[in-house]
1. Select from region A:527-552 the residues that are over 24 Å from the mean Cα position of the chain (by Cα), buried (at least 16 other Cβ atoms within 10 Å of the Cβ) and assigned to a loop (DSSP other than H, G, I, E, B) and list them in ascending order.
2. Does region A:241-251 include one or more residues that are crowded, with 24+ Cβ neighbours inside 10 Å, within 14 Å of the chain's Cα centre (by Cα) and under 21 Å from residue A:363 (Cα atoms)?
3. Residue C:324 - would you say it is more than 13 Å from chain A (Cβ to nearest Cβ), over 19 Å from the mean Cα position of the chain (by Cα) and crowded, with 24+ Cβ neighbours inside 10 Å?
4. With touching a helix residue (DSSP H, G or I) at 6+ places or on another chain (Cβ under 7 Å) and among the β-branched types (Val, Ile, Thr) as the only criterion, which of A:235, A:240 stands out?
5. Among the residues of region A:204-233, which ones are within 17 Å of residue A:84 (Cα to Cα), among the β-branched types (Val, Ile, Thr) and assigned to a helix (DSSP H, G or I)?
6. From C:208, C:180, which residue is in a helix (DSSP H, G or I) and either within 13 Å of another protein chain (Cβ to nearest Cβ) or of a type in the set (Asp, Glu) (or both)?
7. Let me spell it out: the conditions are (1) within 14 Å of chain C (Cβ to nearest Cβ); (2) at pLDDT 85 or above; (3) under 19 Å from the mean Cα position of the chain (by Cα), and residue B:112 meets all of them except one. Which number is the exception?
8. Residues of region A:480-494 being at pLDDT 85 or above and of a type in the set (Val, Ile, Thr), which ones?
Amino acid sequence: METAFELAPAIVLLPLAAFVVALLFGNYMPKKGALAGIVATAGSLLLSLYVMAAVATGGQHQETYFTWAAGDAVSETGVPTIEFTFGTLLDPLSALMLVIVSLIAFLVHVFSLGYMNDEGETGLPRYYAELGLFTFSMLAFVIADNLLMAFMFFELVGLCSYLLIGFWFRTESAPSAAKKAFLVTRFGDYFFLLGVVAIGATFGTLAFQGDGSFVAAAGEAIDNGETLFGFGAETWVTITGLLVLGGVIGKSAQFPLHTWLPDAMEGPTTVSALIHAATMVAAGVYLVARMFGYYALSPTALGIIAFVGGFTALFAATMGVVKDDIKQVLAYSTISQYGYMMLGLGVGGYVAGVFHLMNHAFFKALLFLGAGAVIVLMHHEQDMWKMGGLKDKAPIVYYTFLAGALALAGIVPFSGFWSKDEILFDAIIVGLNEPIFLAAYAMGLLAVFFTGFYTFRMVFLTFHGEPRSDAARDPHPVSWNIKFPLLTLGVLALVAGIANLAPVYKLTGLEITYLEFWLDGQYGGYADLTYSAYGDTVPFGTDYIGSETITLLIAAGLGLGLAVGGAVFAMVLYNVPEPEPHTENLGSARTVLRSNYYQDEYQVWLAENLTLPLARAADRFDQTVIDGVVNGVSSVSLFGSGRMKRLQTGVVTNYAALLIVGFIVLLVVLGVLGGWFV
Amino acid sequence: MNDWIAIGALALVGLLIPLAMMAVSYLLRPSVPETSKRATYESGEVPTGGTRIRFNIQYYMVALLFVVFDIETVLLFPWAVIYTDALAEYGLFYALGPMLLFVAILALGLAWAWRNGAVQWAKSPQQVGTEGNRP
Amino acid sequence: MIDAFTLPEWAALAPPLLLALTALVLFAYDSINPRSTNRPVLAGVAVVGALASLVTAVWFTLAGTGADGPDAGYDLWFVVGDSVTGTGAIDLFGGQLVVDQMALFFMIVVAVVTALVAVASYDYMAGHAYQAEYYSLLLLAATGMSTMAAANSLVTIFIALELASLPSYALVAILKDNRGSVEAGLKYFLIGALSSAIFVYGISLVYGATGHLQLEAIAEMIATGEADAYSGLLGLGIVMLIGGFAFKTASVPFHFWAPEAYEGAPAPIAAFLSSASKAAGFVILFRVFTTAFPLETTTAVIGLDWTIAFIILAIVTMTVGNFAAATQQNVKRMLAYSSVGHAGYALIGLAALTVDGGELVLGAAMMHLLVYGFMNTGAFLFVGLAEYWGVGRTFDAYNGLAARAPVACAALAVFMFSLAGIPPFGGFWSKYFLFTGALEAASANSALLLVAAALVVNSALSLYYYSRLVKAVWINDADPSLDRDFGGTPTGLYAAILFAAVMTVVLLPAFGPVADLAIDAASAVLVS
């Protein structure tokens, strides 16, 4: 078991090695560095499974590898020192995430062989090097045992996504999308950084786990009723928690910082799969799960998380309805699904949120890779109106894509149903106790209908009906390296729900909620990072309609009914040989939706009419006042320098005279001060 | 009364005696001015040229060597005075050794100066030749 | 512990003795074989002697010679006296000389610089006359500096100081056909003579006031109050001693010789004087003022805290040095003034002493002198390299040198940024410690805030002219009309420059032990 934990750094470092190898030798290698990446991520996957097995047999591990700065801290509570370290924290959550990330990264690498190599892309060593760095950053973020290390790798993840979204940097749109992704997420990360500093300054520690963690310190401060920086302890925890949440909202593309994500579709589809399923976007939600104990201390923060999540779920789902580009539909579905996770976490459903994170990783990777396969089939056409009829031409792609779509729509028994149902169930029982959460629940519930609709609209337009273009009539063949990842993920999308069949448990009493046991530390893990520990802290009560079973059945029935309803509605409209663009009947509503609720426009307006003048003013201040002072100082110095130089006349008698004069001045000054002459 | 008065008186007397002798001789001697009498005394030689002439650098070389050995004597003398007592107390090595080392260093210096021509009044044509080749 | 081979106590003086022996060997060689120009042998002997001195000094430091405390040193093959048990400083010749950690620390600095200079001179002095004299004078001067580190009585201090100074005058003027060199030598000598006169007068006044020349004895007389009647006399004597030391360390207003001497002297000698000689001046300054004039008792007698003198000197010195350096057109002169400025930084070591502390800042000054020994020597040797190639003396002449000598120019960038105190190099830490030390002491004496501010302002200014040189060699293009003919690649100069550069960088990770050693040494002299 110890071996597994000792090998844990290798999980992270292998992709880094792949990055170096691909960067330096990629051009000389067969497959241009892909093999290095595949071997490295396969190694990471195996080691991650090993770590998972070690945690499953009752292990947990926390180790500090390197202290890169330590010093005194003026913290508000307790410890007067602070250390900045790199270390790992291996517990059920991080072990699970390690497996997810390395699995998806591995499959994306394999898929890239078909999507990038076989399509004759250039710049492949750069591509694989960046993929390696991306995987490395995310894995390091996952194992981070403190908030600052998490922040650093969070930033590195952002940088890598910038590089990969802008992979085709010669096009006009890709660099712009990359910059947008970078800037928007950076806007969120700015608050994250403030949050890290605030937490460090408040508690003198940034560790996630143990008695010395900021979570424990914050809990203590609240219990003791301390005042931190002039606020009550709980208010201060809320403030710092929300600052950190800024980074989460940026990375996980929650309202209002979601605007970068649809544009990020400019990157290669494989990159989109990685970003949406396992790395960049998942990082935000993972961070909330990682420091859930901290958020659990603050009902306000949790409420905000829940409402942001619920609203984003609905908001993004409505926009997905009118998109014509297959990747755009998937992009909005990602935003929407991460909204569900936030909703789940926000109502205290830690297991439900993580469960959906896991399922979503599988089916969203599947859908994106499927979309990538469709794009290959269609000779790089992404408009769904030009597709159709691919069902018979590429059955494997179709059935795996369908599995992903069923999971996304949340139709029983596919994985997405189980986790989404659990989230909605957690939301309604909290909502019944505290009615305000019912609004969040309602938004989440309504989004289910839209999800079902846009998902199947996409499926029917793409695969059913008559082919609507030459490319669709004569698709490009796909090879094993595309099919293998699709099949793997297709199976997972179908069966991953088994991990936590909570409704079945509640109806039959069969103890098969493995994920809940897993996250509750019943196999291994730290007592302070378990579901039940969080459950004790979360301040929400629950209520039922009648009994738990009845509530469960109502919630599940509502969710499933709406999902099926949406799907059926899509089938009626689009499962015809020659579908019509029905969304055009929506009139002005369609314009609003097509324009994404003018989110981009108002953000650009803010940037141009608020930020830019402010920056100009600051620049003017800098140019005139600051530079004036600096230039003034330097001219005075240079003038003084000229004077000083003149002291040195070159005549030795002058030196002797100056020397004596200087010496006597010193002597007289000291003599008078010391009273030697009286 | 103080010992210093006696010393001061002695100094005064020491100063007065030569002054008195010079004064007496000034009063007694006859005054016969003559050009050769006003000339600088050069051991009977007739002086040539002015007083502001350049001295050969060799004068300083020799003078330096003299000073070095003069100082050496200043150290050797007290050492010799206490030598027997030091021998009894510290043994031969610590009594004699340092002085031998000191003299050896000075001897090395003398040897170096000698070899480099410090005590050679005139340079041989061969030496002048090598000097000339120096940059 | 292992049975170590125990040497008699006087063997603790091995570092200066080895230097003296080497000088004598060179004299003997020159006596047997006058006017030899066998440079490999002569330079080789000088380097071997300097390295032998360095090795013994490092060895003694590691073995705990002169250190205090039972586990001060490591078990090494041979030790001096019973020092391995950590019995504290070794007093020799009735306290005339003392070997303690601070003495060994500065013996290391002197030996390192001497070795670097000797290596570099192999190429620089090629074709010059007086080879043997050059190296033996160099080693005699080094002997004097090494002895200064151990001198513990005003008379030994004076003798050691003169032993260091007299060969230096000759060394500055050794390019006998170069008017600049001879003129610089004469000016150096005249200012030196004047300063020595002031210094000796100071010694006589201190002797008159206390009746002793040995430093501990002076301190005792001051402590017992027997010097109370002569407070003015003692004060004047102390200020005159400061004058003598200020000459050696090139502090304002005794700095006038420095720009001229450094500019006229051969570049390795300029490196030697500005690094080793300055360090030696500082070690006796530190020793005299910590041992003979302890702050508390001396203040009681002379009615004045002598740190005021150093506060004034430090501020004036660093300001004059840096401001004068800022607009120089001649690289060597710029380095000379920057060397004056660095003397000002090192003076903070004494300026920030307080009654109950200061080992941190004193240790920081010692560290600064060690780091300075590398970076400044390296910088002057780079100038030597440029002179060797006949590049010219001004900043403009240095334009585009990096195209010809990228490695040496990279080393130059290291020296310049380290001198300016930019973080990744050794110079940063020592300056940082000086700064924090000054701030710490500011709680006792708010004038030190002014010193700290002057340190910051001057460091910022120094960055300007240091980076100017880096810009010249790396960014500016050479004047294409100049058809410069560089000779070969001088191995000795390159080796010395690269070694200095490597040490400047390596000292950063190695700063922990060095800082511990310096602070230990500082607290040892402060307690005694």
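The values are calculated or read from the model by the stated rules, or taken from the named source; none is laboratory data. Computed from a predicted structure; not experimentally measured. No Cβ is skipped: glycine too gets one built from the backbone with ideal geometry, and neighbour counts run over all protein chains shown.
1. Residues satisfying the conditions are A:540, A:542.
2. At the first step, the residues of region A:241-251 found to be crowded, with 24+ Cβ neighbours inside 10 Å are A:241, A:244-245, A:247-251.
This time we only want the ones that are within 14 Å of the chain's Cα centre (by Cα), so: A:244-245, A:247-251.
Filter again for under 21 Å from residue A:363 (Cα atoms), leaving A:251.
Yes, region A:241-251 contains at least one residue that is crowded, with 24+ Cβ neighbours inside 10 Å, within 14 Å of the chain's Cα centre (by Cα) and under 21 Å from residue A:363 (Cα atoms).
3. Numbers: more than 13 Å from chain A (Cβ to nearest Cβ): no; over 19 Å from the mean Cα position of the chain (by Cα): yes; crowded, with 24+ Cβ neighbours inside 10 Å: yes.
Spelling it out, it is not the case that residue C:324 is more than 13 Å from chain A (Cβ to nearest Cβ), over 19 Å from the mean Cα position of the chain (by Cα) and crowded, with 24+ Cβ neighbours inside 10 Å.
4. Values: A:235 fails: touching a helix residue (DSSP H, G or I) at 6+ places or on another chain (Cβ under 7 Å).
None of the others qualify; the one that does is A:240.
5. A:215
6. On the way: C:208 fails: either within 13 Å of another protein chain (Cβ to nearest Cβ) or of a type in the set (Asp, Glu) (or both).
Result: C:180 is the single residue among C:208, C:180 that is in a helix (DSSP H, G or I) and either within 13 Å of another protein chain (Cβ to nearest Cβ) or of a type in the set (Asp, Glu) (or both).
7. Answer for residue B:112: the failing condition is (3).
8. Of everything in region A:480-494, those that are at pLDDT 85 or above and of a type in the set (Val, Ile, Thr) turn out to be A:488, A:491.
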